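Enquirer: Structure in C-alpha cells, see below.
The values are calculated or read from the model by the stated rules, or taken from the named source; none is laboratory data. All figures in this text were calculated on a predicted structure; none of them were measured in a lab. Every residue, glycine among them, receives a Cβ derived from its backbone with ideal geometry; neighbour counts consider all protein chains shown. Accessible surface areas use protein heavy atoms only, side chains included; no ligands, DNA or RNA. Shrake-Rupley method; radii C 1.70, N 1.55, O 1.52, S 1.80 Å.
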Protein chains: 2
Amino acid sequence: MASRTADTTRSDAAAGPPTRPGGRSARVRTAVHRAVIELLAQAPAEQLTMPVIAARAGVHPTTVYRRWASLGDLLSAVAESRFTDDLVVPDTGSLRGDLRRWAADVATDLTDPETLAIIRAALGTSTEGGCACIGERRTQLGSMLDRERDRGGAVPTVDRAADMLMGPIYFRALFTERPGGADWARELADTLVDHCTQPQPSPA
Amino acid sequence: MASRTADTTRSDAAAGPPTRPGGRSARVRTAVHRAVIELLAQAPAEQLTMPVIAARAGVHPTTVYRRWASLGDLLSAVAESRFTDDLVVPDTGSLRGDLRRWAADVATDLTDPETLAIIRAALGTSTEGGCACIGERRTQLGSMLDRERDRGGAVPTVDRAADMLMGPIYFRALFTERPGGADWARELADTLVDHCTQPQPSPA
DNA sequence: GCATTATTGCAGCGATCGTTGCGTTGGTGC
DNA sequence: GCACCAACGCAACGATCGCTGCAATAATGC
C-alpha cells in the first residue's frame, strides 16, 4: 500500500465532478436504502437480491445494477449511511460520563432488529463490510478520549477502549440472542475507566 | 423391520443422523463441507450457491438441495462442525493459565482466513448462525470456570468472562482488518483474572 | 448372500437473475 | 426559459438457479 504522491487529478477547478447529486438520484438512493433495511428486517439475507430490492424500492432493477456494483457494495453503503447519521457524541464534562452515555447509546442502538440485520448482512457479503459499520463509532470513541486527554486526564488507548466497550457490546448483539442492555453497557464503561490507568495490553 | 430386536445397542448415541449414517453419506457431507470452506476462502459469500458447492464437492446439485434445506442451514452446519471438532480445553492447574492458553488459542484460530469467512457467512445468512459458531466455545469457558470454582477460587460469571475475552477477540477479528495476536489475547485473560473478584456487572 | 430402502444421480422444466442497447425523463448550468 | 447530458425506465437476451419427476446405486438388517 505505497502512498502515492500528491494527486492533483481530482476535483479540478474548471471541470466539476461528473456526478450529479440531484433530487431524483437522492430519492432513488433513499428508496433503495430503505428497501434494503425493510427487506432485511423481514427475510433472511439469503433471499436479498437486486430485483427484489428494486421492486420494493419502486425503481427499475437496471438502476440498482448500474448504481451499485454488487450486493456487497450496496450493503456496505447502506451500513455506512445508517451508522454515520446520528453523530451525537456525548459531552458531559467527564470521561466516565461520556463513555457511559455513549456505550448505552450504542448498546441500545444494537437492540433494533433492523440494525442488527444490516450489520449481519454487511459482515456476511463483503470483507470490508464490517469496517463500514463501526468506522464512525471508533472515531467518536477517539474524540471523547482526546477531549479527556486535553483536560489532563489519563486515558486508555483507542484500541483498548474499543476492545472493552465495542467488543462485548457487538459480540453479545451478534452472537447471542440476548443483547446487553443500557445498564450493562454503562457498567462496561465504568470498568474501563476504573482500570484505564493500569498497565495496558499493547495491540499485537 | 417388523420385529423389535432385543439389543439395539447401535451407535445412535453420538454417531450422527439417526437415519442412515453410511459411508457414502458421510463422504458426501465431508466433501460438501470442505467445498463450502474452500469456496468461502476464495470468493465472497455472495457468489456461494448450491450448484457451485455441488460442483466443487463432486456431487450432484440435487443432493445438496435435498440434504440441506437452505444455504443458511448448510452454513450453520459447516460452522457447527468446524467449531466442535477441536475441543481441547486447557487444564494448566490455575484459572489464569487456563484462560491465557484458551484465549490465545481462540485468537490464533480466528487468524485463519477460512475460519473468518465461515463465521462471516454463517452470521450473514441465518439469524442463529452466530450461535452455531460460539456455542462450544462458551461451554469450554464455563468448564474452566467450574474447575476453578471447585478448587475454591473466586471466578467471574460465564457472561462476564465471555464479554471480556470472546467479545474483544471476535470483535477485532470480524470488524477490523488486524485481528489481535496471541500475546494480546493472553493479556485480556490477565485483565479478567485480575479484576474477577471486584463487583461485576450483572447481565441486563 | 439377499431383500429392503435410504440416498444419490440424471434429465428437464419454469422462474429468476444479471446484463445490454436504446429511448425517455429530469436535474444542472447558461 | 433553454440546451445539455447524467440518470432512469423499458424490453429483450442468455445464463443460472431451484425444484421434481424417475432410475440407479449402495448401505443396512435378516
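Enquirer: Which of the residues spanning segment A:48-70 are part of a helix (DSSP H, G or I) and surrounded by fewer than 21 Cβ atoms within 10 Å (Cβ to Cβ)?
Expert: Within segment A:48-70, A:Met50, A:Pro51, A:Val52, A:Ala54, A:Ala55, A:Arg56, A:Pro61, A:Thr62, A:Thr63, A:Tyr65, A:Arg66, A:Arg67 qualify.
Enquirer: Can you pull out the helices (runs of 4 or more DSSP H) entirely within segment B:129-204 that have at least 2 residues that are facing chain A (nearest Cβ under 8 Å) and at pLDDT 95 or above?
Expert: Once the helices (runs of 4 or more DSSP H) in segment B:129-204 are filtered for at least 2 residues that are facing chain A (nearest Cβ under 8 Å) and at pLDDT 95 or above, what remains is B:167-175, B:182-194.
Enquirer: B:Gly22 is checked against (1) exposed (fewer than 14 other Cβ atoms within 10 Å of the Cβ); (2) modelled with pLDDT of 90 or more and fails just one. What number does that condition carry?
Expert: Only one criterion is unmet by B:Gly22, namely (2).
Enquirer: Go through segment A:117-128 residue by residue and tally those that are more than 8 Å from chain B (Cβ to nearest Cβ) and free of Cβ contacts under 8 Å to residues at least 12 places away in the same chain.
Expert: Total meeting the criteria: 0.
Enquirer: Let me ask another. Please find, within segment B:71-104, the residue that is nearest to DNA strand C (Cβ to nearest atom) out of those that are open to solvent by 60 Å² or more (accessible area, probe 1.4 Å) and among the β-branched types (Val, Ile, Thr).
Expert: B:Val88
Enquirer: Residues of segment B:78-95 being in a helix (DSSP H, G or I), of a type outside the set (Gly, Ala, Ser) and either touching a Leu at 6+ places or on another chain (Cβ under 9 Å) or within 12 Å of chain A (Cβ to nearest Cβ) (or both), which ones?
Expert: B:Val78, B:Phe83, B:Leu95
Enquirer: Within segment A:33-77, how many residues turn out to be within 15 Å of A:Gly124 (Cα to Cα), more than 14 Å from chain B (Cβ to nearest Cβ) and within 12 Å of DNA strand D (Cβ to nearest atom)?
Expert: 0
Enquirer: Please verify whether segment A:105-115 includes one or more residues that are within 11 Å of another protein chain (Cβ to nearest Cβ) and surrounded by 21 or more Cβ atoms within 10 Å (Cβ to Cβ).
Expert: Yes.
Enquirer: Moving to a separate point now. How about segment A:116-142: which of its residues are surrounded by 18 or more Cβ atoms within 10 Å (Cβ to Cβ) and among the β-branched types (Val, Ile, Thr)?
Expert: Once the filter is applied, which keeps residues that are surrounded by 18 or more Cβ atoms within 10 Å (Cβ to Cβ) and among the β-branched types (Val, Ile, Thr), segment A:116-142 yields A:Ile118, A:Ile119, A:Thr125, A:Ile134.
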